[in-house]
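One structure is given below, encoded as structure tokens.
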Amino acid sequence: MVGFSGGLYPAFVLSRFSPTLALKANQSTEANGSFKLRNILVIFQFTASIGLIIATAVAYFQLQYASKHDPGFNPENLLVVHNLNNPDVSGHKNTLQEELLKLPEITNAALSSMQPTKSRFIFTVGI
């Protein structure tokens with residue numbers, strides 16, 4: 001949207017531009033209104049780019065934090081059940097979780113769509 005609106009204005013200005021008039025008078029034929037619109041578009045584009053740079057930096061630092069932070073579980077003691085989004089199984093996910101929590105060896109059970117740093121659609125259980 002920003003690129004489209006930023007490219008639309010110069011396209012209209014350049015389509016009205018007459019090189020012969022500019023070369024004869026040695027000045028541009030732009031009106032004051034177009035100068036104001038150009039300034040607004042430039043400010044908007046710089047603001048959007050600064051916002052995107054900040055959002056990228058925040059996402060980068062969050063990924064750095066998540067990769068270095070203790071996940072809170074021992075990855076050695078995980079039971080992973082793949083393909084829980086299969087239509088035949090998906091209705092029984094909560095039942096599976098409840099039954100696993102009844103076992104004394106299991107300390108915690110959670111449903112997740114993906115294992116941290118692994119593939120998607122799994123079930124993890126802390127043993």
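Laboratory data are not the source of any read-out in this text; all were calculated from the coordinates shown. Please read these numbers as outputs of a predicted model, since none were measured by experiment. Methodologically, a virtual Cβ is constructed for each residue, glycine included, from the backbone with ideal geometry; neighbour enumeration extends over all protein chains shown.
Some notes on this structure:
- The length gained on full extension between Asn77 and Leu63, counted as 0.36 nm times the residue separation minus their Cα-Cα distance, comes to 2.6 nm.
- Ordering of 88-100, 53-65 by burial proxy (mean other Cβ atoms within 10 Å per residue, highest first): 88-100, 53-65
- Global size of region 36-97: 22.6, 64 Å for Rg and Dmax (C-alpha atoms, Rg to one decimal, Dmax whole).
- Residue-span extension gain [Asp70 to Ile53] - 0.36 nm each, minus C-alpha spacing: 3.4 nm
- Contour excess over end-to-end distance, with Cα ends at Ser34 and Ser5 and 0.36 nm allotted per residue: 9.0 nm
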